[in-house]
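Inspection log for the structure reproduced underneath, given as structure tokens.
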Amino acid sequence: MMKFRMSTQRNSLVALFGIIALSLGIMPCFAQMYNVIELPPLANGASVASWMNASGTVIGVDVLASNSISHAVVWTNNASPPVDLGAFSKTNSEAHGINGSGLIVGFASPPNGTTTPPVVWTNTLSPPVNLATLGGSNGEASSVNNSGQIVGETTAPSTQDRHAAFWNNYTSAAVDLGILPGGVASTANRINNSGHIVGFSEAVVARQMHAAYWTNSTSAPLDLGTLGGSNSDAIGINDSGWIVGYADLPNGTMHAVIWTNNTSPAIDLGALSGPNTNCSAVSINSLGQIVGGAASNNSSARAVYWPSPTNAIEDLNNLIPANSGWVLMGASSINDAGQIVGFGMFGGQTNAFLLELAPPNTVSISVIGTNVSLTFPTYTNQLYDVQREDDLATGTWSTVTSNLPGTGGTLISTNTGGGATSKRFYRVGIQH
């Protein structure tokens, strides 16, 4: 999918001089900006987007306005209503993970509502399939990688404590991933495409929990530590093994953190200034871009973003149009195309959102001899296409150049021989 910004070559001498003058000016630095798109809810309910795969398919939860029951949902694109995955269970269900093949995992209660087993939806037209448990009745699946390996948690029959669990595929037995020394319970939050797993393990004493890492399904968990406080949680991991989550400071404040590998200490990613001092990172893509949320007891939650682990935290509300009507409260997933999903307030209701990078906000055009040059600002790690059209009525665009890598500065694309044409239209777009 391509988002375009239009520029027009004209044969008016006055207009041409004006455009050339503009092109000679210095383009200022600019903040990365996003278009915010509402992911429509079911039957006027509240909705939350929880994860997104590489192709932009989004899964989440919708709370039906009629009876406050949560249903797992999937948005196959941002223009279509969500598919109700929870209609099969008739009671509560949630979707937490989706892989590149569209396999969706979460939990779903049967009609009697007495248990909440971990489940998988193999497609959007079939009822959920129960995953095997560790002997207990309850649990949930939280993540599935592109090989179909699944992680989550299920209860143990003897103590009813939850244990982190692994399934090699949705028909296999559950593997108990174990707990940290001194722990009594654990949860696996995410698995990457190399089979590395992150989550947390909880202890009885003061109910403290520490972020945990499993190299694979047969390895013992490793304690990732904190920032000197009592608690931490590893929530997201990319395919390079970078792990994000949160950790407590000695004063009890929660900060977003990153572990660059499983043996390095947590690095503090900071928090927003002002009242939203508690912060968590929840998702990191292969480019090192990170999203999460910030909140405190006396202020509204805010969705946050880090362009990289070395960049300062940014409030995503400052990177969308000021008149959008949205308050972005939490970001849950970012894919390698830079698309972000989460939830916020819109029209007085909690709704799921999708953020897509806005096209270049300034495109200048100049004619030098027989050539046409377009100059436009770019975002780092994004690819750009430049296209042309002689007659907008035909709708036939041809590509001047494609896959131009963004640098964070300005780029110049030249259409050789384009200046010999009396009238031509150009557009610049970001690849999604």
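At least 2 residues being touching a Pro at 6+ places or on another chain (Cβ under 6 Å), without any contact (Cβ under 8 Å) to a residue 40 or more places away in the chain and among the hydroxyl-bearing types (Ser, Thr, Tyr) is the threshold, and among the strands (runs of 3 or more DSSP E) wholly inside region 352-421 not one reaches it.
Can you tell me which residue among 240, 230 is at pLDDT 95 or above and surrounded by fewer than 21 Cβ atoms within 10 Å (Cβ to Cβ)?
Being at pLDDT 95 or above and surrounded by fewer than 21 Cβ atoms within 10 Å (Cβ to Cβ) holds for just one of 240, 230, which is 240.
Give the residues of region 209-227 that are surrounded by fewer than 24 Cβ atoms within 10 Å (Cβ to Cβ) and not in a loop (DSSP other than H, G, I, E, B), sorted by residue number. Residues satisfying the conditions are 209, 213, 222, 223.
Considering only residues in region 186-203 that are within 17 Å of residue 261 (Cβ to Cβ) and in a strand (DSSP E or B), the one that is nearest to the chain's Cα centre (by Cα) turns out to be 190. Of the set (1) part of a loop (DSSP other than H, G, I, E, B); (2) within 18 Å of residue 185 (Cα to Cα); (3) within 19 Å of the chain's Cα centre (by Cα), all apply to residue 137 but (3). For region 124-158, filtering for residues that are in contact with a helix residue (DSSP H, G or I) (Cβ under 7 Å, 6 or more places away or on another chain) and crowded, with 22+ Cβ neighbours inside 10 Å leaves 1.
Does residue 206 satisfy the condition of being modelled with pLDDT under 95, out of contact with any helix residue (DSSP H, G or I) (no Cβ under 8 Å at 6 or more places or on another chain), part of a strand (DSSP E or B) and surrounded by fewer than 24 Cβ atoms within 10 Å (Cβ to Cβ)? Considered against the rule, which asks whether it is modelled with pLDDT under 95, out of contact with any helix residue (DSSP H, G or I) (no Cβ under 8 Å at 6 or more places or on another chain), part of a strand (DSSP E or B) and surrounded by fewer than 24 Cβ atoms within 10 Å (Cβ to Cβ), residue 206 comes out as no.
Could you check how many residues of region 114-130 are among the polar types (S, T, N, Q) and over 13 Å from residue 86 (Cα atoms)?
Qualifying residue count, region 114-130: 4.
For region 249-268, the criterion of being free of Cβ contacts under 8 Å to residues at least 40 places away in the same chain and under 20 Å from the mean Cα position of the chain (by Cα) is met by at least one residue.
The values are calculated or read from the model by the stated rules, or taken from the named source; none is laboratory data. Fair warning: this is a prediction, and the values are worked out from it, not measured in the lab. Reconstructed Cβ throughout: ideal geometry from the backbone, glycine too, with neighbour counts over all protein chains shown.
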